[in-house]
Amino acid sequence: MTPHSFRKALATFGVAAFILTGLGSAPAQADSKDLARALAAIAGIAIVGKLIHDRKKDKKRDHEVVTRRRPVDPIPIYRPHRPRRVDPTPVHPRPLPRRVDRRQLPQHCFRSFDTPQGRFHMFGRQCLKKNYAFVNRLPQHCVQRIRTYNGKRNGFDARCLRREGYSLARG
């Protein structure tokens, strides 16, 4: 039972008890003392009812939310003028370090050759000598000599170099 319904039930029982006690009185005649008592009881019940009503009204007022039809303008905040910071020199990306750059092989040295055994991908030795500064540091076990329909070719096997950490320079 909620507190609200409990109060209603209590008020109903109180009024019923008051009425039943008034009906049970034996004499039909009422003297002035009985009349005064009845009026005092009615006035007491009215006062208690008014107190309960006022308390409920106060609780409702506590839960009211103030709403406005138009928003209140915010208080202006003073901010001093600061000129924008401008970098005097433009920023350029740094080049790759030599240890990383040395693992990038030139793209135009990558060739595909047709052989009697099938297609073979490799980096040409002469092209690498002209365009790559670290040819002497390439793994020697990746050196290949293949026979093509146009003669023999010397170079480095592309798969072997990729396994060793080398990659194709794009761009």
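Points to keep in mind about this one:
- The residues in segment 133-171 that are of a type outside the set (Lys, Arg) and either touching a Cys at 6+ places or on another chain (Cβ under 7 Å) or farther than 15 Å from Cys109 by Cβ (or both) can be counted, and the count is 16.
- Only one entry of Phe6, Phe18 meets the criterion of being more than 42 Å from the chain's Cα centre (by Cα) and at pLDDT below 65, and that entry is Phe6.
- Residue match in segment 64-85 (condition: modelled with pLDDT under 80 and either within 30 Å of Ala11 (Cβ to Cβ) or not in a loop (DSSP other than H, G, I, E, B) (or both)): yes
- Verdict on Pro116 being modelled with pLDDT of 80 or more and either farther than 18 Å from Phe156 by Cβ or touching a strand residue (DSSP E or B) at 6+ places or on another chain (Cβ under 6 Å) (or both): yes
- Only one entry of Lys130, Lys60, Lys33 meets the criterion of being at pLDDT 80 or above, loosely packed, with under 10 Cβ neighbours inside 10 Å and of a type in the set (D, E, K, R), and that entry is Lys33.
- Residues that are surrounded by fewer than 18 Cβ atoms within 10 Å (Cβ to Cβ) and under 13 Å from His121 (Cα atoms) within segment 145-164 comprise Arg145, Ile146, Arg147, Thr148, Asn154, Arg159, Cys160, Arg162, listed in sequence order.
- Restricting attention to segment 100-146, the residues being among the acidic types (Asp, Glu) and either part of a loop (DSSP other than H, G, I, E, B) or within 12 Å of Leu168 (Cα to Cα) (or both) number 1.
- Being out of contact with any Gly (no Cβ under 8 Å at 6 or more places or on another chain) and without any contact (Cβ under 8 Å) to a residue 12 or more places away in the chain holds for only one residue in Pro83, Pro116, and it is Pro83.
The values are calculated or read from the model by the stated rules, or taken from the named source; none is laboratory data. This one's a predicted model, so the numbers in the text were calculated from it and none came from an experiment. Neighbour counts are summed over all protein chains in view; Cβ atoms, including those assigned to glycine, are modelled from backbone coordinates with ideal geometry.
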